[in-house]
Amino acid sequence: MITFYHNPRCTTSREALDMLKKRGEEIKIVKYLVDPPTYEEMKEILRKLNLRPMYLLRKEEDLYKKNFKGKYFTDDQWTRILIDNPILIQRPVVVRGDKAVIARPPKRINELFESEKKRDEDSD
């Protein structure tokens, strides 16, 4: 099962979702602007991305520039800022098993399947 954190208004997000659908994967779509992740879910997403929360920020957003740019926050504070302001979350985030990617560009989705492909090649 793939969890896809989606903004339907984003072209990149729509392209990435189309890529996944063509793979025939089972997809749980989360419209994160309407249904943002909980604190625990965000921590898990960040762990799977292997990123600190500040690297998941959309720094080109006016909200970021006006309220957060140039300010210091702890990882915990940034995590809560992302949850409280989901427009600041990079998109789309795609989670599969214990791995996740920010699918910018959409072809980054392929990284979620590389270890599986390598395993299949090794067993041939």
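The values are calculated or read from the model by the stated rules, or taken from the named source; none is laboratory data. Everything quoted here is computed from the prediction, not taken from an experiment. Backbone-built Cβ (ideal geometry, glycine too); neighbour counts: all protein chains shown.
What to note about this one:
- Of the numbered criteria (1) more than 22 Å from TYR5 (Cα to Cα); (2) at pLDDT below 95, the one LYS71 fails is (2).
- Flag for LEU46 being under 16 Å from the mean Cα position of the chain (by Cα) and either among the basic types (Lys, Arg) or more than 16 Å from ARG104 (Cβ to Cβ) (or both): yes
- So LEU112, is it buried (at least 19 other Cβ atoms within 10 Å of the Cβ), among the hydrophobic types (A, V, I, L, M, F, W, C) and in contact (Cβ under 8 Å) with a residue 60 or more places away in the chain: yes
- Test: residue in the range 53-63 that is touching a strand residue (DSSP E or B) at 6+ places or on another chain (Cβ under 9 Å), in contact (Cβ under 8 Å) with a residue 24 or more places away in the chain and assigned to a loop (DSSP other than H, G, I, E, B): yes
- Some residue of the range 84-102 being over 19 Å from ASP35 (Cβ atoms), in contact with a strand residue (DSSP E or B) (Cβ under 7 Å, 6 or more places away or on another chain), modelled with pLDDT of 95 or more and not basic (Lys, Arg): yes
- Restricted to the range 30-50, and to residues there that are in contact (Cβ under 8 Å) with a residue 40 or more places away in the chain and not in a helix (DSSP H, G or I), the residue that is surrounded by the fewest Cβ atoms within 10 Å (Cβ to Cβ) is THR38.
- Considering only residues in the range 1-21 that are assigned to a helix (DSSP H, G or I) and hydroxyl-bearing (Ser, Thr, Tyr), the one that is farthest from ILE109 (Cα to Cα) turns out to be THR11.
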